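Take a look at the structure set out below.
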Amino acid sequence: MSTQNTSTRSQLYWNTLIRIPSQIISFVISILVTRILEPKDFGVMGIVMMLIGYSNLITNFGFNEAIIQKRINDKKVLNSIFTFDLVVSSFFALLFFMLAGYIADFFKTPECKEVIRVMSLVFIISSFTGMPATLLKRDMNFKYISLFDFISSCLMNFITLFLALKGFGYWALAYGQLIPLIIMTVSLCIKTGWIPIFYYSHASLKEIFHFGKWNFMKTQLGFVTQHLDKFIVGRWLGPTSLGFYDKAISVAEMPYNSLIININSVMFSSFSRTNENKHQLQQQFRKSLTLLSFINLPIYFGLIVIAPYFVLVLLGNKWSPMIIPFQIILVSMLIRSFGGLTASLNVGVGKYKDHTILFFIALVAFMITGFLFLSFGIEGIAASYFVFSLIQIYLWMGLSLKNIDLSWKDVLSAVYPGAAASIVMFCVAKLLTQFIFIDYSFINMISVIGISASVYCLYVLLDNSKLTKDLKNIIWEDIKSKTSIVLAQK
């Protein structure tokens, strides 16, 4: 067993398992906040974050990924990147502050004006957050990133809940994001010893400009992809419809953001380190596909079945219009969850240009179908998101397979164990909801989840296929290893 594989697995554990408690807390509190606030409150904040969320993309011009991919340690280059980021961020903060009134008028939502002005601070704060977080990722130090994210997530949820209970409305959502971001930024700078220095040398950035240029374009396309549907809903269907749609998206993304995206983040660093070893890349990619199939497929198959229970029981009847789009989006997220891994591989091996071009093609299809399906309301927009997801994964996966000389048959064989177990679980859950636990109650929902999860776990335990056995053996060996270390320390 190579040191590289062991290190990668260790970082995967840190970057995924430690986040589970925070995601459970986030899930519970988000349910409480959703019951307190109105759909329109989430619609207002959805419009604001559709704009302010751009700060995470515009503040580095794609250079932060270059630091990881090329393992840059030159202080002049790092300071030049920070200074460039800060100047651009300050410009956009001022721009959005000045245009807040016009933006509110465009969306016919006057409540957005003051929120946009306050949240424009995120641009500047994020420019100070990016560098220390990138340095930790470059050094494969996901332990501390996970700890900081855990603390930040808890703060965000408790602040939001407290303010929602105090009647702050959409301002609870705004301050709940802004305050933890400030605290996390200061903490990251202290931990890494990163002291912002205002220095710029254009020559220092020349060698990574080509990487940054295409990666910047990819992130811009990513932003458009993430918010195009919300833009269409907010502008033509109104803030209340956007509240339903935005809540469906945010809940559907929870498993992806809590587990899958963190696996992809670690794998990007790992792929970047071994980008010249094709055999090792093949092994890592296949194992990652298998791991994702065992994690994301049962979660999303399960959520698709219990979606009506989830919405009506936990969120309340006022959220019932989100059920159908929620189910469509869940299917889309199931597909897109594999797209993040292909992105990590394609960019990690340096094929950022080809990856970005394919992204653009998928985005064009998204734009076309979005407007074509607009007459069907938020269900139609959700359907366009599904079409986009299919096209994107087909194009990105095709490029990944070409990069490391694998076939679609290899993908299917890697995904099959988790898919088979998940399909069996899905069929059992569907039968339970149709014939036994028919009423939408909390007890019935828990019963369906419990029985379905038991069926899935039993199938996996009894499965003797090679990939499943290998994965179980690796996890078991790691558990024994960690346990022996803890006992030895005691």
message: Relative contact order for region 349-490: what percent, with Cα pairs under 8 Å and sequence separation of 6 or more?
response: 16 percent
- line: Rounded to the nearest 10 Å², the 1.4 Å probe accessible area of Val224 is 50 Å²
- prompt: Sorted by accessible area (1.4 Å probe), largest first, how do Met445, Met184, Met217 line up?
  reply: Met217, Met184, Met445
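Add +1 for every Lys or Arg and -1 for every Asp or Glu among the other residues with Cβ under 14 Å from the Cβ of Tyr394, and state the total. It would help to have the intermediate numbers written out before the result.
Values: positive: Arg336, Lys402; negative: none.
Local charge sum for Tyr394: +2.
Out of region 192-300, which GluC sites (Glu not before Pro) are coil in DSSP terms and have no more than 10 other C-beta atoms within 10 Å?
Numbers: sites: Glu207, Glu253, Glu276; in loops: Glu253, Glu276.
For GluC sites (Glu not before Pro) across region 192-300 that sit outside H, G, I, E and B with at most 10 neighbouring Cβ atoms in 10 Å, the list reads Glu276.
Using a/c under 1.5 as the rounded threshold, could you call the chain rounded, prolate or oblate? The axes a ≥ b ≥ c are square roots of the C-alpha gyration tensor eigenvalues, and prolate needs a/b larger than b/c, oblate otherwise.
Values: a/c = 1.42, a/b = 1.03, b/c = 1.39.
Here the chain falls in the rounded category.
Which trypsin sites (Lys or Arg not before Pro) in region 132-192 sit in a loop by DSSP (not H, G, I, E or B) and have at most 12 other Cβ atoms within 10 Å of their own Cβ? Let's see the in-between values first.
Values: sites: Lys137, Arg138, Lys143, Lys166, Lys191; in loops: Lys166.
Loop-located and lightly packed - Lys166.
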query: From the Cα gyration tensor of region 95-212, with a ≥ b ≥ c the square roots of its eigenvalues, which class applies: rounded if a/c is under 1.5, or else prolate if a/b is larger than b/c, or else oblate?
result: oblate
query: What helices does the chain hold that run 27 Å or longer along their axis, going by alpha-carbon atoms, with a Kyte-Doolittle average of -1.0 or more, using DSSP H for the helix calls?
result: 75-106, 142-165, 170-192, 202-236, 278-309, 323-348, 352-372, 378-404, 408-435, 442-462, 466-489
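At 1.4 Å probe size, with the rest of the protein present, what percent of the exposed accessible area of the chain is carbon and sulfur atoms?
Looking at the chain in its full context, I get 68 percent from C and S.
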field: Unit charges at the beta carbon, dipole of the chain: most positive-side option, Ile72, Phe158, Ala133
entry: Ile72
query: Which shape class applies to region 321-451: rounded if a/c is under 1.5, otherwise prolate when a/b exceeds b/c and oblate if not, where a ≥ b ≥ c are the square roots of the Cα gyration tensor eigenvalues?
result: oblate
statement: Put Phe301, Phe359 in order of accessible area, largest first, probe 1.4 Å, and you get Phe301, Phe359
message: For the chain, what does the helix formula give at 222 nm: sum of -39500 (n - 2.57) over DSSP H segments with n ≥ 4, over the residue count, nearest 500 deg cm²/dmol?
response: -28500 deg cm²/dmol
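Restricting to Cα pairs below 8 Å that are 6+ residues apart, what does the relative contact order work out to for the chain? Please round to a whole percent. Show your work: numbers first, answer last.
Values: 642 pairs, mean separation 90.6, N = 490.
Worked out over the chain, it gives 18 percent.
Placing unit charges on C-beta atoms (Lys and Arg positive, Asp and Glu negative, everything else neutral), compute the dipole magnitude of the chain about its Cα centre in debye, rounded to 20.
Details: 39 positive and 24 negative charges, 188 e Å.
Its charge dipole is roughly 900 debye.
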- prompt: Per residue, how much accessible area does the chain show when a 1.4 Å probe rolls over the protein heavy atoms, in square angstrom?
  reply: 44 Å²
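The values are calculated or read from the model by the stated rules, or taken from the named source; none is laboratory data. Note that the structure is a prediction, hence the values are computed from the model and not measured. Cβ: placed from backbone, ideal geometry, glycine included. Neighbour counts: every protein chain shown. Only protein heavy atoms, including side chains, enter the accessible area calculation; ligands, DNA and RNA are left aside. Shrake-Rupley method; radii C 1.70, N 1.55, O 1.52, S 1.80 Å.
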